[in-house]
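Structure record follows, encoded as structure tokens.
All of the numbers you see were taken from the coordinates with simple rules; none came from a lab. Computed from a predicted model, the values in this text were never measured in an experiment. Don't worry about glycine lacking a Cβ; one is built from the backbone with ideal geometry, like all the others, and counts go over all protein chains shown.
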Amino acid sequence: MSIKILVLVFSALIISARPELIADHHLSTRISPFPSESSSNSPFIPPLPPFTAQSPAIASTSFTRVPALFVFGDSSVDCGTNNFLGTLARADRLPYGRDFDTHQPTGRFCNGRIPVDFLANRLGLPFVPSYLGQNGTIDKMFQGVNYASAGAGIILSSGSELGQRVSFAMQIEQFVDTFQQMILSIGEKASNRLVSNSVFYISIGVNDYIHFYIRNMSNVQNLYSPWLFNQFLASNMRQELKTLYNVKVRKMVVMGLPPIGCAPYYLWKYKSQNGECAEEVNSMIMESNFVMRYTVDQLNHELPNASIIYCDVFQSAMDILKNHQLYGFDEPTEACCGLGRYKGWLPCISPEMACSDATGHLWWDQFHPTDAVNAILADNIWNGRHVDMCYPTNLETMLHA
């Protein structure tokens, strides 16, 4: 093993050093998620064929009344924010991005496109650029900005052991600053119209479990049961969504949390014998999704003219896992890139760690899906092509309302 690989492995050991999950007796009574509204008896609809490299501005459907797409979140939608930060959570080197349109790493934690890339295509918009990657001119922000940062959480300190990251609250502050710049540039009336007609996509919260609750930061497990912790997160999310509403945001997509108990890291961590998911982890995620969906429903009734949809990523991801062969995947448990059983021991830090073809894999690395899975998720968000995972409706229907 070369010195270069040794250095990379030691770096990976720092990143992957995570404490054991809390014991079962610390978990409160489990709440089942909302019943699946996808029909298991319905005929299966095969995924769309893979996207070919093309101009992202060429879309299958164009909505002239959707001027921009604004993105907030963590590594699930980071498109390059962390390239500008001092952090171990980086995706700025190959093999990340090898199957992207440019075949180069961009900061996306994937082999190719992330969900918002596919949705931008649907909306007739270009790929949304990173806020920190902008040159400071407001002109290039009128079609959207991506504020997402890998490692970020709803809680300010979530992910702090990885280094710098932009928390959810800080991302909201960055958008407010962008909005103020818009007002100075095109006036208040035009800015209000642009923002109120734009789509705001929010995907955050999983790091509050991986890097905060499970690590028992600030002795949180003794202060909050998982159920109370979920309510705490939802309360914070409520306040941030209301902040967006107060600056004229009306169309929001709030993503639920994925089944990280099925991710290669936890399969390795809990010594899964045949790819069984870590149910202790997934139980907390299902509870969180239950509370977050209820919170979104409350806000829709509370905020006049608000159109907020909640998309249950857990539901969609579990359908893909259960029916992976029908979706065209032959490897549902092992990541394409990493080391150890299920490729879950060490993260993806070198091209030599990656499989030659990721198309048959659900997982790209320890925690992130491949772009093929992202395309399916985007289909479901858009119009429920495979699973009706968004409530009270999907994005396409919301925009037509």
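Summary of computed values
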| quantity | calculated |
| --- | --- |
| Extension gain, Asn305 back to Leu223 (0.36 nm per residue minus Cα-Cα distance, nm) | 25.8 nm |
| ³J(HN,Hα) computed for each position of region 147-163 - Karplus, 6.51 cos²θ - 1.76 cosθ + 1.60, integer Hz, glycine/proline x | 9, 4, 9, 4, x, 6, x, 5, 7, 4, 8, 4, x, 5, 5, 8, x |
| Derived scalar couplings ³J(HN,Hα) [region 170-187; Karplus, 6.51 cos²θ - 1.76 cosθ + 1.60; whole Hz; x for Gly, Pro] | 5, 5, 4, 4, 5, 5, 4, 5, 4, 4, 5, 5, 4, 4, 5, 8, 10, x |
| Charge tally in the Cβ shell below 13 Å around Leu257, where Lys, Arg are +1 and Asp, Glu are -1, Leu257 excluded | -3 |
| Qualifying GluC sites (Glu not before Pro) in region 244-347, DSSP loop, other Cβ atoms within 10 Å at most 14 | Glu276 |
| Mean shadow area of region 279-401 over all directions, Cα convex hull, nm² | 9.0 |
| Inter-part distance where region 185-236 and region 82-157 are each reduced to a Cα centre, Å | 19 |
| Distance in nm between pseudo-label sites at Arg65 and Asn216 (7 Å out along the Cβ direction from Cα) | 5.3 |
| In sequence order, calculated HN-Hα J values of region 387-395 (Karplus, 6.51, -1.76, 1.60; Hz; x Gly/Pro) | 9, 7, 9, 10, 9, x, 7, 8, 5 |
| Ranked packing of 370-381, 234-245, 86-97, most packed first, by mean Cβ within 10 Å | 370-381, 86-97, 234-245 |
| Charge context of Asn197, other residues only, Cβ under 9 angstrom, K/R +1, D/E -1 | +4 |
| Cα Rg over Rh - region 66-400, Kirkwood | 0.94 |
| Per-peptide average of other Cβ atoms within 10 Å, ordering 168-180, 201-213, 303-315 highest first | 201-213, 303-315, 168-180 |
| For region 191-285, convex hull of alpha carbons as volume per residue, Å³ | 112 |
| Cβ-derived FRET efficiency at R0 30 Å, Arg93 paired with Lys140, nearest 0.05 | 0.70 |
| Rg to Rh quotient for region 91-218, alpha carbon positions, Kirkwood Rh | 1.00 |
| Fully extended contour minus Cα-Cα distance, from Lys189 to Asp357, at 0.36 nm per residue | 55.5 nm |
| Local electrostatic count at Trp382 - Lys and Arg +1, Asp and Glu -1, tallied over other residues with Cβ under 10 Å | 0 |
| Alpha carbon Rg of region 60-128, scaled by the compact-globule rule 2.2 N^0.38 Å | 1.16 |
| Percent RCO, i.e. relative contact order, over region 224-347, from Cα pairs under 8 Å lying at least 6 residues apart | 32 |
| Hits among lysines - C-alpha to C-alpha of Lys251 under 19 Å, sequence gap 8 or more where chains match | Lys189, Lys242 |
